[in-house]
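Everything on this sheet refers to the single structure shown next.
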Amino acid sequence: MADPILRATGLSKRFGSQQAVKQVSFDIQPGEIFSLLGPNGAGKTTTISMLSGLLIPTEGDALIAGHSVTRQAAAVKQAIGVVPQEIALYPSISARENLAFWGRMYGLGGAHLKERIAATLEVAGLADRADDLVETFSGGMKRRINIAVGLLHQPQILFMDEPTVGNDPQSRRRILDTVKDLNRHGLAVLYTTHYMEEAEELSHRIGIIDNGELIALGTQAELTRTVGEFDTLHITVDREGDALDALCRHMEGVGEVSHCTTDNGGLLLQVKDANAALAGVVAGIAAQGARIRDIDIREPNLEAVFLHLTGRALRD
Amino acid sequence: MKILHIAWKDTITRLRDRRAIIGFLLAPLVVAGLIGAAFGPAFRGERPLSDIPIFLVNEDTGEIGDIYAEVLSSPDLDGLFAVTESDDLAAARAAVESGDARAAVHIPADFSEDLLAAAQTAADVPVTVAVYTDPTASISPFIVSAVVERITLSVNTLMLSGQIGTNQALSHAALLGPALAELDSIVPQVIEAQAETAGQTSIGLTRLALGEEETDANPFSYFAPATAIFFLMFSMMDSTRSILQEETMGTLPRLITTPTPVSHILLGKIGGAFLTGILQFLVLVLASAVIFRLDWGNPLALAAVMLATVFAATSLGALISALARNETQAGILGSAITLVSAALGGTFAQASTLPAFMQPFSKMTINRWSLDAFLELTFGQADMAAIFPHLGVLLGMAAVFFFVALVLFQRRFVR
């Protein structure tokens, strides 16, 4: 196996008394898409900020393209491309001017810079709008230029921090396709998300992070095998708020239900065998006076893995 | 090189903002114009155009000198002039020099005799009425001179015609009083009549400015730099606040993820503000020179004061942004400091008029040192050497503010 393009070892970050990231370690191979999956506040952005030189780790280190993030920050920064969660562009100048500015910040210039601007505008599909002010762009178009900036200097690994947050489905689809396309051309990607579906669709390997700790790591198949004997039942009922929470607490003692959490106005129940457990679950809900509106039996997936590991839904 | 790219990007971004153009470039001109027009006369020490204090020193032993006394003291001019007759020319000149009088009119001892002799012999003997004026006042000396010229012209005309005697001249001259009430129409007539009688006039009129001649009593010499510094302070607070704006926008964190040292990013941001400030000042200097005919003095010294002032203001802005927790706090703090500095530093009224206990505070402001330096150039027409102390203080302030801001920002952005 080739040397990893990124190797994080015991990365930790503390803000005062708050431990934001605890001893996070993982590798990313060249040409691999690695996703950090976790709910908001899990430590994904803090981890990516340490890797991109925005924050100094309290403990641990990471080697990126052979350079230490704590001791060789400039070399690391030249090797990485960063696509932040928010649209970090200058709205009152054009897309081309934005790309030229950011390209210069990576040390590009002259004909090579022009060539790279043209290439990234093609990737973003915005060559025809290159001279329009960014403030005139739609949210999706801004997102695409935001990604283009990260690709200007042809990095060895691209960090994408929740790039689809706040996007419409069409823009989201386009971003996911772009990531896959970039990866087909050999680019390694570190992708953070709290959307299970995105991690499942894109990733060669996934690290699940919660409360600053990496609690699981592997391919999707490896991760789902850890909960292979569990099914997930999603049951929509006529309860909401505190009543729904109370019903969920009650269900944890019913039959073979190992975990219950609320999700999207329904109950998310982890059971050994969905078909065998279904009758008891329905009876348990009915005993609480609730009416069932919909039942969905789900195969093991990352949601189930997260539920199994944390006892909470990914979106809690 | 990256520092320049960042500075240039900031400058371009700011110049494309129409509101900023209005706020930074047009507003100072408009405000300077309004303040100059409103407070110019008071600033020059002008009194209202009534009861203009003048001294008349009539040493003429003949009767023609009395014409001047009669007309200047006539009831028709009673509201315009407050005439003090005196025998002491030195005292009259001293009154003008001290500002107690706006002008002194001197008619020499042999005035009538010389004039009549000249008229009878047609000899070209110079006979002169002297008007000593206050150089710091521009309107009232002009009125006094215009009236004396009018009297002189009439006397000349009558004497040269040889058709009337001195008594008739006196009665005709008395008619000048009502006419003087309409100065607007008389002044052009004076000029026209002077042109017509050129070469015939026997009585010469000499206007002499007393004391240190001020080359430019233009009120904009004060208000243009005062307003320019005031708005510069605002725009520098705004420009350096863009560091915090970029932090909020996410572009500053993104810049830090590029292989650009944080110190270069900060220097670029502060450099952008500096470029904007220089541009703002240049536009104001050029526009005020054209619109208000303001002479800014020695160009090299002017450039030095501009650079030092902008550097100091930019550094202060950077320090305030570095101290503030967020953009809003920086805005409030920056505005407060700008307004207090303006009040103490002489933007709204001359700092020298502040009470003694406030003088030390005044001298702690960029406004005071910069404005004093500009006034040395505009009023005093000073050279570079005269403003070295001002430059030293401004650059010292700039260096301290800049260094502290840089250290605080480094700590803030590299965690």
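The values are calculated or read from the model by the stated rules, or taken from the named source; none is laboratory data. Note that the structure is a prediction, hence the values are computed from the model and not measured. Reconstructed Cβ throughout: ideal geometry from the backbone, glycine too, with neighbour counts over all protein chains shown. Please note that ligands, DNA and RNA were not included when accessible areas were found on the heavy atoms of the full protein model with its side chains. Shrake-Rupley method; radii C 1.70, N 1.55, O 1.52, S 1.80 Å.
Residue check: A:P57 meets all listed conditions (1) away from every other protein chain (no Cβ under 11 Å); (2) part of a loop (DSSP other than H, G, I, E, B); (3) not polar (S, T, N, Q) but one, namely (1). Considered as a group, the residues in the range B:286-326 that are in contact with a Leu (Cβ under 8 Å, 6 or more places away or on another chain), at pLDDT below 85 and part of a helix (DSSP H, G or I) include one that is least open to solvent (accessible area, probe 1.4 Å), and that residue is B:S288. From the list B:V407, B:V414, B:V400, the lone residue that is modelled with pLDDT of 90 or more and either open to solvent by 60 Å² or more (accessible area, probe 1.4 Å) or in contact with a helix residue (DSSP H, G or I) (Cβ under 9 Å, 6 or more places away or on another chain) (or both) is B:V400. The test for being over 30 Å from B:L15 (Cα atoms) and facing chain B (nearest Cβ under 10 Å) does not hold for A:I64.
Scanning the range A:237-273 for residues that are assigned to a strand (DSSP E or B) and of a type in the set (A, V, I, L, M), we see that the one that is farthest from A:G289 (Cα to Cα) is A:V271.
Any idea which residue in the range A:100-135 is nearest to the other protein chains (Cβ to nearest Cβ), counting only those that are in a loop (DSSP other than H, G, I, E, B) and not small (G, A, S)? In this case the residue turns out to be A:Y106.
For the range A:43-55, check the following and say yes or no: at least one residue is out of contact with any His (no Cβ under 8 Å at 6 or more places or on another chain) and surrounded by fewer than 17 Cβ atoms within 10 Å (Cβ to Cβ). Checked the range A:43-55: no residue is out of contact with any His (no Cβ under 8 Å at 6 or more places or on another chain) and surrounded by fewer than 17 Cβ atoms within 10 Å (Cβ to Cβ). Within the range A:84-99, the set of residues being over 17 Å from B:R14 (Cβ atoms), touching a residue at least 12 places away in the same chain (Cβ under 8 Å) and either among the hydroxyl-bearing types (S, T, Y) or facing chain B (nearest Cβ under 9 Å) (or both) comprises A:P84, A:Q85, A:I87, A:A88. If the condition is being more than 30 Å from the chain's Cα centre (by Cα), surrounded by fewer than 16 Cβ atoms within 10 Å (Cβ to Cβ) and aliphatic (A, V, I, L, M), then the range A:105-140 contributes only A:A111.
Please indicate, with yes or no, whether at least one residue in the range B:343-356 is closer than 30 Å to B:H5 by Cβ and either in contact (Cβ under 8 Å) with a residue 24 or more places away in the chain or not assigned by TED's automatic domain parsing to the domain that holds B:V404 (or both). No; the residues of the range B:343-356 include none that is closer than 30 Å to B:H5 by Cβ and either in contact (Cβ under 8 Å) with a residue 24 or more places away in the chain or not assigned by TED's automatic domain parsing to the domain that holds B:V404 (or both). Within the range A:276-303, being small (G, A, S) and open to solvent by 50 Å² or more (accessible area, probe 1.4 Å) holds for A:A276, A:A279, A:A283, A:A286, A:A287, A:G289.
When A:A246 is tested against (1) under 27 Å from A:Y195 (Cβ atoms); (2) hydrophobic (A, V, I, L, M, F, W, C); (3) out of contact with any Phe, Trp or Tyr (no Cβ under 9 Å at 6 or more places or on another chain), just one condition goes unmet, and that condition is (1).
Which one is modelled with the highest pLDDT among residues in the range B:356-396 that are over 20 Å from the mean Cα position of the chain (by Cα), within 19 Å of B:F231 (Cα to Cα) and assigned to a helix (DSSP H, G or I)? The selected residue is B:L394.
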